[in-house]
Amino acid sequence: MSQKRALVLPGKILLGRGTLSEIGERASEYGSKALLIAHAEDRERVRDILDESSARCGVEFLYADFPGECCGSVVADLKNFCVDAEAGLVIGLGGGKGIDTAKIIADHLNLPMFSVPTTAATDAPCSSLAITYDEEHHFVGPVRLRRNPALVLIDTDIIAKAPERFLVSGMGDAFPTFFEARACRRANILNNGGLSSLCAYGLAELCLKTLLEKGEEALMACRCNVATPAFEDIVEVNIVMSGIGFESVGVAAAHGLAGALESLGATRALHGETVAFGALVQFVLENAPRDEIRTALDFYRKVGLPLRLSDIGIENPSREAIERASELACAPGSVVHNMPFEVTPRMVACALVAADKLADIYF
C-alpha cells in the first residue's frame, strides 16, 4: 500500500533584480502596518528603497533592530513591540537568524510573514523551520512552525553586493541537498507527515546539477557585484531549490554533523561551510562511489569550500575530542539517523578522520 507524500512550499517566491521595490505593494495586502526586523546596518543599506516603497504604497514599516541572536528574550521583546504597534505583518530582512526570529514571532501571533534575504548564504528563507539559540549563543535546536513564509522576496541586485563568502557558504549548504534527499528516500523517512514527492526530489537533483554547471560562473559575477543570469540561477539554488528540497525530502548526516563540528572548534565557520564538510563525512559513511567523491572535491576546490577540518577552524583534534563529538552527532533524534543504515558514534569518528584526508588522496 502506498503512503502519502508531502510537499512544503512558501506562499509565493519573487526573485530578480530590483524586487525589493515591490515590498510596499506586497505588504499593503496585509494591512497598513508591518513590523520589519533587521540588523540596523542591513536595513540602512536598503533604507531608501524601503522608504520609497512604503510612501508610495501607504504602508508603515515599523523598524525593529535585531540584536543578532534568535533566542527567547529577543523573540519576547520584539513580539511585544509587534503587539503594541498593532502590526498585521512581520517581515524578516537580512540573514538567517533575523529571518528565523521573524518567523517565530509571526507564528506566535498568527500573522503572515515575509522573508527578505540580503545574502544567499542559507536555505532558511523558504522554510517553516527556525533554528534557535540561547542568550549565550549556544545552539538550542530547531522549531517547526505552523506555516511557511507568505512571500520570499529575493532582490538579486542586493545579494550580488554581499561578500562572496556568503554565496559560497550557500552553495555548501545546497550541495548535499541531493545526497541527503537520496539517503532519506532510501530510508523511507517521513518528513512533514509524508514521504518525499517526486517534485521535491526532482528539485534536489536540479539543485546539484545547477551548482556543478553554474557555480563557478556565479562566483565570478559575485566578485564583480553583478547579478548575471548564472548568478541568479545559483541564488535560486541556494535559497529556493535547497530550501524546498531539504524541507520536503529531509536532511541526513551532512547536516546532522554540524553541531558536532562546532563542538570540535568550527565556531567561526558559516553554516554552509560546516555542512559542506559534513557531506564529505557522509560520503565516507555510505562508501560513496569514487566519482561522486571526486566531483564533490573538484567543486569544493573550484569555489573555495572546505576540504579539510583545518579549513573550518579545527586544528589537530584529539581522538578523545572526535569521539565526544561523534557521540553528540549520534544523540537520539539526530538527523544522522536518517541514513538508510544504522549509524554509530564509532562509525562517525572513523568517517571524520577519513574525510579529513580525502583531498590528500584525490589531489
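The values are calculated or read from the model by the stated rules, or taken from the named source; none is laboratory data. As the structure is a computational prediction, the values presented were derived from the model and not from experiment. All Cβ positions, glycine included, derive from the backbone under ideal geometry; neighbour counts span all protein chains shown.
Kindly evaluate Gly92 against the criterion of being surrounded by 16 or more Cβ atoms within 10 Å (Cβ to Cβ) and over 30 Å from Ala204 (Cα atoms). Write out each step before concluding.
On the way: surrounded by 16 or more Cβ atoms within 10 Å (Cβ to Cβ): yes; over 30 Å from Ala204 (Cα atoms): no.
The answer is no for Gly92.
Do we have Val275 as in contact with a strand residue (DSSP E or B) (Cβ under 9 Å, 6 or more places away or on another chain), part of a helix (DSSP H, G or I) and of a type in the set (A, V, I, L, M) here? Reasoning before the result, please.
Values: in contact with a strand residue (DSSP E or B) (Cβ under 9 Å, 6 or more places away or on another chain): no; part of a helix (DSSP H, G or I): yes; of a type in the set (A, V, I, L, M): yes.
No: the conditions fail for Val275.
Quick grid of which residues meet (1) in contact with a strand residue (DSSP E or B) (Cβ under 9 Å, 6 or more places away or on another chain); (2) farther than 20 Å from Asn148 by Cβ; (3) not basic (Lys, Arg):
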{"site": "Gln3", "(1), (2), (3)": "yes, yes, yes"}
{"site": "Leu14", "(1), (2), (3)": "yes, no, yes"}
{"site": "Ser21", "(1), (2), (3)": "yes, yes, yes"}
{"site": "Leu36", "(1), (2), (3)": "yes, no, yes"}
{"site": "Ile49", "(1), (2), (3)": "yes, yes, yes"}
{"site": "Gly68", "(1), (2), (3)": "no, yes, yes"}
{"site": "Asp84", "(1), (2), (3)": "no, yes, yes"}
{"site": "Leu89", "(1), (2), (3)": "yes, no, yes"}
{"site": "Gly95", "(1), (2), (3)": "yes, no, yes"}
Practice prompt. Output yes when any residue across region 133-149 is outside the structural domain of Ser334 (by TED's automatic domain parsing) and of a type in the set (Gly, Ala, Ser), and no when none is.
Written response: yes
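Output the residue which, of all residues in region 105-118 that are crowded, with 24+ Cβ neighbours inside 10 Å and touching a residue at least 40 places away in the same chain (Cβ under 8 Å), is nearest to Ile159 (Cα to Cα).
Here is the first cut: in region 105-118, the ones crowded, with 24+ Cβ neighbours inside 10 Å are 105-106, 113-118.
This time we only want the ones that are touching a residue at least 40 places away in the same chain (Cβ under 8 Å), so: 105, 114-118.
On the way: Ile105: 25, Phe114: 17, Ser115: 14, Val116: 10, Pro117: 8, Thr118: 5 Å.
Only one residue fits best here, namely Thr118.
Yes or no: Ala124 within 26 Å of Ala162 (Cα to Cα) and touching a residue at least 60 places away in the same chain (Cβ under 8 Å)?
yes
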Discussion item. Being more than 26 Å from Ala266 (Cα to Cα) and either buried (at least 18 other Cβ atoms within 10 Å of the Cβ) or in contact with a His (Cβ under 9 Å, 6 or more places away or on another chain) (or both) is the filter here; which residues of region 146-168 pass it?
Written reply: Asn148, Pro149, Ala150, Leu151, Val152, Leu153, Ile154, Asp155, Thr156, Ile158, Ala160
Item to complete: Output the residues belonging to region 326-353 that are of a type in the set (A, V, I, L, M, F, W, C), in a helix (DSSP H, G or I) and either under 23 Å from Cys184 (Cβ atoms) or in contact with an Asp or Glu (Cβ under 8 Å, 6 or more places away or on another chain) (or both).
Response: Leu328, Ala329, Val335, Val336, Met347, Val348, Ala349, Cys350, Ala351, Leu352
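Taking helices (runs of 4 or more DSSP H) that do not extend beyond region 174-245, which have at least 1 residues that are among the hydroxyl-bearing types (Ser, Thr, Tyr), free of Cβ contacts under 8 Å to residues at least 60 places away in the same chain and closer than 29 Å to Gly18 by Cα?
Ranges flagged: 198-223.
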